[in-house]
Structures are given as C-alpha cells and as structure tokens.
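Working notes, beginning with the structure itself.
The values are calculated or read from the model by the stated rules, or taken from the named source; none is laboratory data. In this text the structure is predicted, and so the values were computed from the model without any measurement. Counting neighbours? That spans all protein chains shown, and the Cβs are built from the backbone with ideal geometry, glycine included. Keep in mind that these areas ignore ligands, DNA and RNA; they rest on the heavy atoms of the full protein, side chains included. Shrake-Rupley method; radii C 1.70, N 1.55, O 1.52, S 1.80 Å.
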Amino acid sequence: MKTVQLQKRKDSDWKYLSEEIQLKEPLVLVFGNRYLLEDKKIYDEVRDMFKDGHIVFGSTAGDITSKHVEEKSITITAIEFERANFLIKRVNVLESNKNSFDTGKELINQLSKEGLKHVFIVSEGRFVNGSELTQGMNSATDNNLLITGGLCGDNARFEKTIASYNQTPKAGEVVAIGLYGESLEVSFSINGGWTPFGPERIVTKSIANVLYELDNKPALDLYKKYLGDKSKELPGAALLYPLKVKSDKEDKSIVRTILNINEEDHSMILAGNVSEGQKVQLMMTHVDNIVNASELAAINANKFRTNKPELAILVSCVGRKLVLDQRVEEEVEEVIEAIGNDITVCGMYSYGEIAPFDGEIKCQLHNQTMTVTLISE
C-alpha cells in the first residue's frame, strides 16, 4: 500500500504532508471544510493531481491527519493498493426520493459480494437518518459484513453537508467504498468516554428521531430543567449533554446527540432514532475521559491484528471536538501512540459514526464516539 497526503487552506496552494510520489488508480479521500469544498474549482484541482483516481469527497466538522486537526482546510489522502481492489457506489437521497433504509439497502446491493471484505461509508449528514441507513445496509448483508464510516459534518453549524464520488460535492450523497481481496486485513473499535447522570426516563412518545415525551412529560422541558442556566445556550449546549439510550432488547446502550430543539411542541431532534419504551439518561464528560476513550479504541482495534496496520481512518464526533476545544489534537495523538507513528492517518469529525459495537458485526449509528478503522494488505 502506498499513500500520499496533501492539504490546502483558503487562498493557499496544495502542500504535501507526505513524500510526493506517483500513484496508479488510487482511492482518493478528500475531507474538508464545507465552504471550501463548494468551490467549483476544487474538483478540477483534485482531478488534475489524480487523473486516474477514484475521488470521494466529504465535508467535515474538522479533518484529521497525524499532524493536524483542521477546521478551515481540505485534506487529501490518496491510497494505491498493491493487491486489494475497491469498488465505489453512490445513491443520492434527494434525487432518488428513497427513504434512508432503502438507500442503505440499495447501496450495499450495488456492490459485488464476491471477495468483499469491508465497506467504508461517507454519507451526507443532513437529510439522511443514520439509524435507518445502517439498518438498511445490514438488511442487505445478513449482518455479516463489516461496515464502518461516518456522516459528514459542517463544523457546529448543522446547516448543510456535502459528499460525492467523481463529481463536485453536493447535498444528499451517500457513498459506499467496497474493499476486496484476501490480502486485506481490516479491524475496528469504538469508544466514547461519556458518563450517565441523573435518573433514567422512559420514552413515552417519539417518532423516528424526534423525541416528544419522557415519563409522559414534554422532553424539552425536562432536558432544560437538568441543564439549568446552560439551557439558555440551547441548541448548541446540547452537544455537550447527549442522551444514553437503552432498550430492553439490546445489551449495550447507544449515545444520541441532540441536533436541535423545537420550542413550539417542546420536542428534541436527535441524530438517530429513539423508540417508545426505551430508557434515556443524560450524559456528560471531560477532556481526560474523551482522550482516554480514544486511546482505548485504538488499542482494541490493534489488539488482535495479524499484520501491522498501514492506514488508519478515524471518525470522531463533533460533540467530542467541542468538549476538547483547544486540546482536540490530544485524542488523535493518543490513537497514534497506540497504533504507531509510521501509519498514514486520515479522517473526520462527523455528525454520526458508523460501526458495530466491539465484538459484533452488525453496524450501528453512534454519536459521541471515536471510531478507529485499521487497514492493511
């Protein structure tokens, strides 16, 4: 495997973060600031550098390399596989008028199943219901295919996210990168570092990802009560206090970020679905917990590998980035220390992380986690 990384900021030229080498038909991952990716010249610039490349774009709430976490840049990671192959498919939820479940199912069904080892998802994060997207993908795989990835971001604005494959990035795009070959070894792990507090509440009214009532009381009113003075900072403050969601049918809990609030009907819009009858509890964290959780995710992803990883793709949540603030690079540094500093690292801060729970295969939508995917051939 050979890799090349470049980066540019507004009104600057592309700069190599790695040795400048020529690649043949590479997979080209382009993560970056949404405003910069909307520049119509960007696609042509990347295409000029990688004329035979397969280019996947995704907007971020911060793009990740081993050297930086950047908000106002575009980062390219180009990968030439020595023995493995890849196939890329896309669906646009706005153009197809498909719901998120059917989008996920169709996307996976477009990929040839023979020799398919892993699928990495780069999905727009504004119009897609991530919970239903993952359920649709699982339905097309009989829950036996490793799928990781993330929902694109837009810093903390939540205005618009964009993605694409071999075209100018746009809204509604969901891209699946299928990796093939016996030589491939792919491992993963996730971890959060958030601690629940306060009483558990029962979801008594919800529709998909909109939470209306807890214990038969308006959900937003209860949430504001626990936040106290910080409720004046909503909806932004909600990223710092997500919800732990637990079902009697599941052994493990999902964390759900609150993306927005509705003062008229006293509801909260979550990043993924929540069902009536589930139990929810507020969560909080601090910097050391988040950094330690990222280190643990990297250790677990690397623990049982046969070969040393060559590429690490990190997907972390925008809520973690807000908590870490000026110390945001510390969680990436802990990952690198755990997996080795001679590995190519790329990734993004997202609106949702896609991965199974550790020890499982069926993928889920997570919030407020660090997801580490390690690849070698």
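Only one of the numbered conditions (1) under 23 Å from the mean Cα position of the chain (by Cα); (2) open to solvent by less than 60 Å² (accessible area, probe 1.4 Å) is not met by Phe50, and that is (1).
Taking the criterion of being assigned to a loop (DSSP other than H, G, I, E, B), more than 14 Å from Leu133 (Cβ to Cβ) and of a type outside the set (Phe, Trp, Tyr), the residues of segment 65-100 that qualify are Ser66, Lys67, His68, Glu71, Lys72, Glu82, Arg83, Ala84, Asn97.
Among the residues of segment 53-64 satisfying the criterion of being touching a helix residue (DSSP H, G or I) at 6+ places or on another chain (Cβ under 9 Å) and in a strand (DSSP E or B), which is surrounded by the fewest Cβ atoms within 10 Å (Cβ to Cβ)?
Per the criteria, the residue is Ile55.
When you scan segment 281-294, do you find a residue that is of a type in the set (A, V, I, L, M), more than 22 Å from Phe197 (Cβ to Cβ) and modelled with pLDDT of 95 or more, even just one? No; the residues of segment 281-294 include none that is of a type in the set (A, V, I, L, M), more than 22 Å from Phe197 (Cβ to Cβ) and modelled with pLDDT of 95 or more.
Which residue is nearest to the chain's Cα centre (by Cα), if the candidates are limited to segment 126-182 and must be at pLDDT 95 or above, farther than 25 Å from Asp39 by Cα and open to solvent by less than 10 Å² (accessible area, probe 1.4 Å)? Top of the filtered list is Thr148. Among the residues of segment 1-18, those identified as part of a strand (DSSP E or B), open to solvent by 90 Å² or more (accessible area, probe 1.4 Å) and either touching a helix residue (DSSP H, G or I) at 6+ places or on another chain (Cβ under 9 Å) or within 14 Å of Leu29 (Cα to Cα) (or both) are Lys2, Arg9. Among the residues of segment 232-245, those that are open to solvent by 30 Å² or more (accessible area, probe 1.4 Å) and in a helix (DSSP H, G or I) comprise Lys232, Glu233, Gly236, Leu240. Please work out if Val46 is under 23 Å from Gly153 (Cα atoms) and in a strand (DSSP E or B). When the stated conditions are applied, Val46 does not pass them. Kindly provide the set of residues from segment 19-40 that are modelled with pLDDT of 95 or more, farther than 20 Å from Ala61 by Cα and open to solvent by 60 Å² or more (accessible area, probe 1.4 Å), ordered by number. If the condition is that a residue be modelled with pLDDT of 95 or more, farther than 20 Å from Ala61 by Cα and open to solvent by 60 Å² or more (accessible area, probe 1.4 Å), then Lys24, Glu25 are the ones that fit. Going by the structure shown, is Ser100 without any contact (Cβ under 8 Å) to a residue 60 or more places away in the chain, open to solvent by less than 20 Å² (accessible area, probe 1.4 Å) and not basic (Lys, Arg)? Yes; evaluated as a whole, the condition is true for this residue. Taking the criterion of being within 23 Å of Arg320 (Cα to Cα), open to solvent by less than 40 Å² (accessible area, probe 1.4 Å) and at pLDDT 90 or above, the residues of segment 210-230 that qualify are Val210, Leu211, Leu220, Tyr223.
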